[in-house]
Each structure stands twice: as structure tokens, then as C-alpha cells.
1. Rounded to the nearest Å, what's the spacing between the alpha carbon centres of the range 25-76 and the range 252-328? Just the number, please.
2. In the range 248-326, how does Rg compare with the Kirkwood Rh, expressed as the Rg/Rh ratio over alpha carbon atoms?
3. Expressed as a rounded percentage, what relative contact order does the range 149-207 have, with Cα pairs under 8 Å and six or more residues apart?
4. Cα axis of helix 223-233 to longest principal axis of the chain: angle in degrees, 0 to 90, nearest 10?
5. Mean 1/r over all different Cα pairs, inverted: what Kirkwood radius does the range 45-87 give, in Å?
6. State the volume of the convex hull built on the alpha-carbon positions of the range 38-121, expressed per residue in Å³ and rounded to an integer.
7. List, largest first, the extents of the alpha carbons of the range 6-86 along their principal axes, each in whole Å.
8. Measure of size requested: the Rg and Dmax of the chain, with Cα atoms as the atom set and Å as the unit; please supply both.
């Protein structure tokens, strides 16, 4: 029998090539968790349901420091899990938006910028930081890397000016115009937008804190391309319903994002860690009523098959549990050399 350690009798494994021994929890979220596996899974489930750190500590029966330590592990594991699993997403449209929260103090907000596939409801991109052009650029670049065909895309966003200026740079094809004459500087690099690319902006006009008008505008591309995609999605008029609903769901899953409360994270790291963990649970563990399909089996009275966004996007063929995610190893990509 192989060597074991801890109350859970965790096994030591041995590599057949180099004969090096390592824990079976290596590269999982449970590695070095310091608490029993059953309690660690319960902590992760409570955090994904919007329970606070101290509330989770009281309900599960572990120290608050153990919850914070596991939360850090969940954040690192979720980021690498997302990089490993969410790839080659086949979609022709993406919706982007930001949601605010606080970290450290309530004087300056910390934003979460997200990108979602409106058809499968899959959360493709997730970035945390201050709301500026750098944040949106990072979101757009990371989203482009995960798409199967980024040259055939309709981007839908709000009226933020940075989306309009960054869209040609990120999704367009760079080229340098020919220089006129033989003297002077060469023209700056420009970006050409393909016919299959388009950017739709929905500009909201507020009055007294309420939205009184929503105006759509095609910032890049053609109206024909936008109308074609809206028809495939079944939208009667342009909207950001998919990502707006995901924003509401994320606020229920994250204790730091609850509206009209005193909740906020003490550090940016803890806010980002819990945000990543909520994103993974949303993609792989939570079924959505709008994604269900008629069931082919005749077992009992079951008429529909429940699906998660990851199942709808073709990234997996079953509903993951929180325990499955925690036990699943991830292997970060190594750099050159």
C-alpha cells in the first residue's frame, strides 16, 4: 500500500519516469488546505452561495483564517481552471459589461469586467481592477484568445467610449498605409475591420437615477451584420439581457457584491479570488432553466435535461459538483525553457 498522511489518509503518488513522490492533491484546490476534505468542500459551497467569511466559519465549524486560506486557494485554482477549460469557444456574439463593488474602503470602487456568450450564457472573460481603458483592453484581449473564430464576431457593450476605441485595435487586422512620396515619416499603423465584425453599443440615458431611454448605435461594422446576429439570438430589439442577468446572479453568489449593505472586501486579492470562484461555479456547476433541452430518456416524469453554461458551450458533457472542481488538478502552462 502506498504511503498516506493526514486525517483523510491522503496518498503519496510516485512518478514512473523520475520516481519522484508527490501528494495526490497536488495542483488541486485542496492541496495544503489544513482542514478535512468534507469541511473544505462545505466551505467552498457556502462561499459560492454568497455566505460571508465569518458566517461560513460559524456554519461549518472552522476558523475564519482557514476560510481565508482556502479562499485564496480557490481563487488561484479557479483562474488556472478557467485558463485550462475555457478555450476555443464557438460563438458569433459576445456581451461585455462591468459591475462595481468595493475593496479596502468604500471611498473608491473596484470593478469586475466580464464577457459572456449570450447564447450559451458562458462567462468567457473576467478581469478585476479600476474602471479605465487598461481594464477593458485586458478583458477584450483575454476574451479574444478564448474564441474559436474571433474574426466573425458581434460585440455588444454599453456606451463606454473605450469599447469603441479599443475594438479596432484588438479585433481588427493591422496594416500600414503606403507612404506618399519618398520623404517624411511612415504613416502610423491602422486597423482594418472585416465585414464579419461589428460592434453594437447600447447607450443609456438616466434621469433621477433611473434609465429613461436606451439608444442603440453601430459603432463599427454594418447594421446588416448586427441584425443577422440579433435574429439568430432571437432578440426583437438590441439588448444586454444575458450579461445583465449574469451580473444579478454574481451579486447573489458573492458576499462582497451585495447591494445596499455594508459588505466589502478588505483586500483586492480576496475580492478577486472570490470573484473567480463564483465564475467557475456559475459556468460548470449551476444549471439554468433557459438552457434546458428536451430529454431523450423516458425515466420517470423527467421531460427536460438540465444544462450548465459549460455544457451548452460544448466544454463538458455533465454537471460538475463543487467537489469535482476542487479535486480536479490543473497544470499551468510553462514558459519557454
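1. 17 Å
2. Working: Rg = 15.9 Å, Rh = 14.5 Å.
That ratio is 1.10, to two decimals.
3. With pairs under 8 Å counted, the relative contact order is 49 percent.
4. Around 30 degrees separate the two axes.
5. That comes to 11.2 Å for the range 45-87.
6. On the way: hull volume 10.7 nm³, N = 84.
In the range 38-121, the Cα convex hull volume per residue is 128 Å³.
7. 46, 34, 16
8. Final numbers for Rg and Dmax: 22.8, 80 Å.
The numbers here are math on the coordinates, done by the rules we state, and not lab data. Since the model is a prediction, treat every value here as computed from it, not as a measurement. As a convention, Cβ positions derive from the backbone with ideal geometry for all residues, glycine included, and neighbour counts pool all protein chains shown.
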